[in-house]
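No value in this document is a laboratory result; all are computed from the given coordinates. None of these values were measured; they are calculated from a predicted model. So basically every Cβ, Gly included, is an ideal-geometry build from the backbone, and we count neighbours across all protein chains shown.
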Amino acid sequence: MKAKVYLAVPAYNEETTIQSLMKRVQTLVNTYDFDLTFVVANDGSKDRTLEMTRNFQCTFKKEIIDIQPNQGLANAMSTLFQYAFNTMQPDDILVTMDADDSHNPLLIPRMIQQIQEGSNIVIASRYQAGAEIFGLSKFRKITAVGASMLFRLFAPIPRVKDYTCGFRAFEGELILRAKERYGNRFIEEKGFSCTAETLLKLAKLQPIVHEVPMILRYDRKSGPSKMPVMKTIKLTLALLRKYRSY
C-alpha cells in the first residue's frame with residue numbers, strides 16, 4: 001500500500017536552501033512514488049523563502065502556512081503538529097525535518113519502512129553506527145553529545161540516543177493519541193528545546209522507537225546557525241527538571 005506522507009518543515013530565511021531541499025524531495029517522489037504532501041511553516045521570513053516555496057514547480061502537493069511575524073521555532077513546530085492533528089489518519093506518516101538542506105529526504109524510505117514494520121517513531125540519528133556529521137563545529141558536536149548523555153541519564157527512552165535531532169518519522173495513530181492527550185499543550189517550550197519536548201511527551205504514550213543512522217550535511221547549510229547555543233542549553237536543562245510532569 002502506498003504510504004500517505006506529510007513532510008513538515010519549519011522555515012525561517014531559507015531562500016538559499018529551500019528549493020534545493022524541494023528538488024531532493026522531488027527526486028524522492030519520482031523514485032519511490034510516495035503520496036506526499038510538503039507542508040511548510042514559513043515563520044515570518046524576511047527574505048524570499050515564501051516566494052521560492054510557492055514558485056517551485058513540483059509534482060507533489062504543497063501546503064504553505066504563512067506565520068507573520070516571526071515567532072520562533074517552537075511556534076512553527078506547534079503549528080505543524082496542530083496541522084497534523086487536524087489532517088492525519090491513523091495509517092498516515094508524519095515526517096519532520098529542517099529546511100536548511102542538511103537532512104537528506106532520501107533517508108525517508110528507510111524510516112517509513114521501519115514504521116511499517118512496527119515502529120511508532122523513527123529518529124534519524126547522529127549516534128548510531130554508520131552516522132556521519134560534516135560541517136559542524138567541534139563545540140557544537142561536544143554540546144550535542146553532552147545533551148544526548150544527559151537525556152539518556154535523566155530521561156531514558158529505550159533505543160534512543162539522539163533526543164534533539166528534528167529529522168523524525170511518526171506513525172499517524174501515535175500522532176492522534178498525542179492529540180487526545182495533549183491537544184494545544186503538545187508544545188509548550190519557547191525555544192529549540194521543543195524538539196526534545198515532543199519526544200519526551202510522546203514517550204509517555206509508550207511508543208516503539210527506533211533510530212536509523214543519518215549523514216548530517218551541515219556543510220550544505222547557508223549562513224550561520226539560528227540556534228542560540230547557550231540559551232538552548234539552559235532551556236534543555238530546565239526541560240529535564242520538569243519532564244516528569246508530562
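Numerical summary
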quantity	calculated
The chain, dipole about Cα centre (Lys/Arg Cβ +1, Asp/Glu Cβ -1), debye to the nearest 20	880
Charge dipole of the chain about the Cα centre (unit charges at C-beta), most positive-ward option of Q206, C58, T79	Q206
Alpha-carbon centroids, segment 34-80 and segment 191-205: separation in whole Å	22
Antiparallel DSSP beta bridges within segment 4-245, percent to nearest 5	20
Set of lysines near K204 by C-alpha distance (under 16 Å), chain-local residues within fewer than 8 positions excluded	K179, K242
222 nm mean residue ellipticity, helices alone, for the chain (DSSP H n ≥ 4; -39,500 (n - 2.57); rounded to 500)	-12500 deg cm²/dmol
Paired Rg and Dmax values of segment 98-227, which use every Cα atom, in angstrom	14.6, 41
Segment 1-80 - convex hull of the alpha-carbon atoms, volume per residue in Å³	77
Viscosity 0.692 mPa s, temperature 37 °C, Stokes-Einstein D of the chain from Kirkwood C-alpha radius, µm²/s	182
Packing rank of 121-127, 41-47, where each peptide gets the mean count of other beta carbons within 10 Å, highest leading	121-127, 41-47
Violating pairs (Cα-Cα greater than 31 angstrom) within the set K2/K201; K2/K141; K141/K190	K2/K141
Percent RCO, i.e. relative contact order, over the chain, from Cα pairs under 8 Å lying at least 6 residues apart	24
